[in-house]
Each structure stands twice: as C-alpha cells, then as structure tokens.
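Worksheet: one structure, shown below.
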Amino acid sequence: MKPLHRLAVCLFVALLTAALAGCQSAYFGALEKIGIAKRDLLLDRVDAARSAQGQAEQAYVDALTRFREVVSVDAGELETVYLRLKASHDDATARAKAFGERITAVESVADALFAEWQGELAQYGDAGLRAKSKAQLERTRSRYRSLDQAMRRAEASFQPALKVLGDQVLYLKHNLNAAAIGAIRDELPRLQADAASLQRDVQRATAEADRFLKEFRVETP
C-alpha cells in the first residue's frame, strides 16, 4: 500500500472511531436525561448477556440432541432428521452471534461508566471520600474484568463446537444414506466432549454474571 493511501486509511479509521465514540456518548447522555444512568444500563446489559448466553447454550444442546437422533433412525428418515438438525444448528449459530453482540454492548457501557467514574474522582474536595470512591471503582472494575473474560471465554467456546457440528451437518446433507449414520456415530464422543467443555465455560460465565449483578447493586459510585 502506498504511503498516502495508508495515511488515508488510518485517518478514515481514526475518524470513524471518533464518530462511533461520539455517537455512544450522545446515546448515553440522552438516556441519562430521561433518568437511565450508566450503572443501571450496565446492570440491564449484563443481565441480557447472561440470558442470551443461556439461550445460546440451550440452542446448542438442542442441536446436539438432533444430531444424536441421526444414529437412531432408518436411512429413509435421514432427510427429515437432517432438516431438523440443520434448523437447530442455524438457530444455535444465530444465538451464539447474538450472545457475542450482547457482550459488546456490555463492554461499551462499562467503558463509558468507568471512564466517567475515573474522571469524577478529581471533583472530590474530601480526600477521604475520593479514596473511598476510588477503591470502589477498582473493586468494581476488577469484578467486571473477571466477568468480561468469562463471557468472552464462553463465547469463544461456541465457535469450535458449532464448527464441528456444522461440518457434520454439511456432510449429512450430501450423504443421506446408511453409511453416513456409521460415520456420524464415530463423531459423537468428540461432539459430546465439546458440549461438556462449552457447558463448563457457560457455567463459569453465568456464575460470574450472578456475582457481578449481586455485588454491583450494592456499590454506590
């Protein structure tokens, strides 16, 4: 890429980032004018991400259940089972994507809240109150970091699990016969291992969300 082109791209990205940040700031400011504070929005978004995570997990479990049905049907029923399996896999994929979008929404309001909180520390005239608020900020930010990492880990677990299952769905699409049943039966242990790993990550993230929601509600910036 030529230097001028590279400069133009960098400038465009910088302007776009600034514009998006400005939109977020205006959005949060508008909500606060009608009485919706950033901390309340953060709680709502964490709760929504927690729900989306559970929905994505259940959708994956449903898809895996459909996959297990493949090994217990006659070859003549494979097309019907395949169509149900594909629909379940598509639903699980969509819900996993929605979960990731919910995490991003949590991150945007958390970043805005912590930046505001940090900036307002300088407004304290009372050094004791400033120190108390700063300590609360550090505790909350640390708890949030643990939550964010757990949710991103759970989100990442969906991708390989869905990819492996998606490969099987694609294989079945072009092999609706008895031989496909045997091949798919051999893949069940790996898929079950993926499901167990995914469920562990989801459980950890759910526990972190529950902990964050419980503890953050009693904090007062």
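Distance from the C-alpha centroid of segment 64-109 to that of segment 156-221: 10 Å, rounded to the whole angstrom. Under 20 Å of direct C-alpha separation, and excluding same-chain neighbours fewer than eight residues apart, Lys163 reaches these lysines: Lys86, Lys97, Lys173. The length gained on full extension between Ser197 and Ser51, counted as 0.36 nm times the residue separation minus their Cα-Cα distance, comes to 50.6 nm.
Compute the Cα gyration tensor for segment 33-81, then decide on rounded, prolate or oblate, letting a ≥ b ≥ c be the square roots of its eigenvalues: rounded whenever a/c is under 1.5, prolate when a/b is larger than b/c in the other cases, and oblate in all that remain. Note, shape of segment 33-81 comes out prolate. Size descriptors for segment 106-216 (Cα atoms only): Rg and Dmax, in that order, 22.6, 78 Å.
Taking a straight Cα-Cα cut-off under 28 Å and skipping sequence neighbours fewer than 8 places away in the same chain, the lysines within cross-link reach of Lys33 are Lys132, Lys134, Lys214. Extension gain, Thr65 to Glu107, is 11.8 nm, computed as 0.36 nm per intervening residue step minus the present C-alpha separation.
Bear in mind these aren't lab numbers, they're just calculated from the coordinates by the rules spelled out. As the structure is a prediction and not an experimental result, all values here were calculated from the model.
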